[in-house]
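To keep things clear, I will list the structure first and then write my remarks on it.
The values are calculated or read from the model by the stated rules, or taken from the named source; none is laboratory data. All figures in this text were calculated on a predicted structure; none of them were measured in a lab. Please note: Cβ atoms are built from the backbone with ideal geometry, for glycine as well, and neighbour counts cover all protein chains shown. For the accessible areas, the whole protein counts, side chains as well, though only heavy atoms, and no ligand, DNA or RNA atoms are used. Shrake-Rupley method; radii C 1.70, N 1.55, O 1.52, S 1.80 Å.
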Amino acid sequence: TQFKNLLHDDDLCVAFQPLKTAGVQHILVVPKHHIKTVKEFSSGEWIDLAMHMGQVGRDLLEFFAQEQSRTLEDENLRMLYHRPPFNSIDHLHLHCIELPLLNKRCVLKYSKEKFYCVEHSTVVKNMER
């Protein structure tokens, strides 16, 4: 995946803005450990990583919103993964998007809880079981 610039780098993950953004802000959070898809990411052993990735994405979106004198509201936040075979690459990545989405293609591609998408909060809840 090509990206604009690296926004975050720690022992667990990296985060960057994709070249093609889908919303007001769009950040990809990618674990350094290779996890092929969200299907492999669903076991409880990954819960700490999942929580960390979600926090990194949210913190970055909040930072950019504040830089532009905006407050990031929960209803304007979308965090999701694409389910296989609808994932673009075989390496897990979390889409963190500040709404609104930019066009109809983005609305379709980043819809909540469709057969091809799963929200980050749903993945974490399933891990906690």
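For segment 78-85, what does the Karplus curve 6.51 cos²θ - 1.76 cosθ + 1.60, with θ = phi - 60°, yield as ³J(HN,Hα) per residue in whole Hz, taken in order and with x for Gly and Pro?
Going residue by residue, I get 10, 10, 8, 10, 8, 7, x, x Hz, with x marking Gly and Pro.
How much area per residue is accessible in the chain when the probe is 1.4 Å and only protein heavy atoms are counted (Å²)?
On the way: 7340 Å² over 129 residues.
The answer is 57 Å² per residue.
Place a label point 7 angstrom from the Cα of residue 112 along the Cα-to-Cβ direction, then list the residues of segment 64-84 whose backbone nitrogen is under 15 Å away.
Counting backbone N atoms under 15 Å from the label point, the list is 73-81.
By how many nm would the segment from residue 43 to residue 121 lengthen if fully extended, with 0.36 nm per residue of separation less the alpha-carbon distance?
Full extension of this stretch gives 26.7 nm more.
In degrees from 0 to 90, rounded to the nearest 10, what is the angle of the helix 47-67 Cα long axis to the longest principal axis of the chain?
Here the helix axis deviates by roughly 0 degrees.
Simple spin-label model, 7 Å along Cα-to-Cβ: residue 8 to residue 102 in nm?
So the two model labels end up 2.1 nm from each other.
With a 1.4 Å probe and every protein chain kept in, tell me what percent of the accessible surface of the chain is carbon plus sulfur. Intermediate results must be reported in sequence, preceding the final value.
On the way: 3780 of 7340 Å².
Of the solvent-accessible surface of the chain, carbon and sulfur hold 52 percent.
Normalised by the residues of segment 41-118, what does the relative contact order come to in percent, with Cα pairs under 8 Å and at least six apart?
Result for segment 41-118 is 29 percent.
Given that just one value was derived from the coordinates, which of (i) -1.00, -1.48; (ii) -0.65, -1.50; (iii) -0.76, -1.32 is log10 I(q)/I(0) by the Debye sum over Cα atoms at q = 0.15, 0.22 Å⁻¹?
Checking each listed value against the structure points to (ii).
When the dipole is taken about the Cα centre of the chain, and only Lys, Arg (+1) and Asp, Glu (-1) are charged at their Cβ, what size is it in debye, to the nearest 20?
Approximately 760 debye in magnitude.
Leaving ligands, DNA and RNA out of it, work out the accessible area of residue 110 with a 1.4 Å probe and give it in Å² to the nearest 10.
It works out to around 10 Å².
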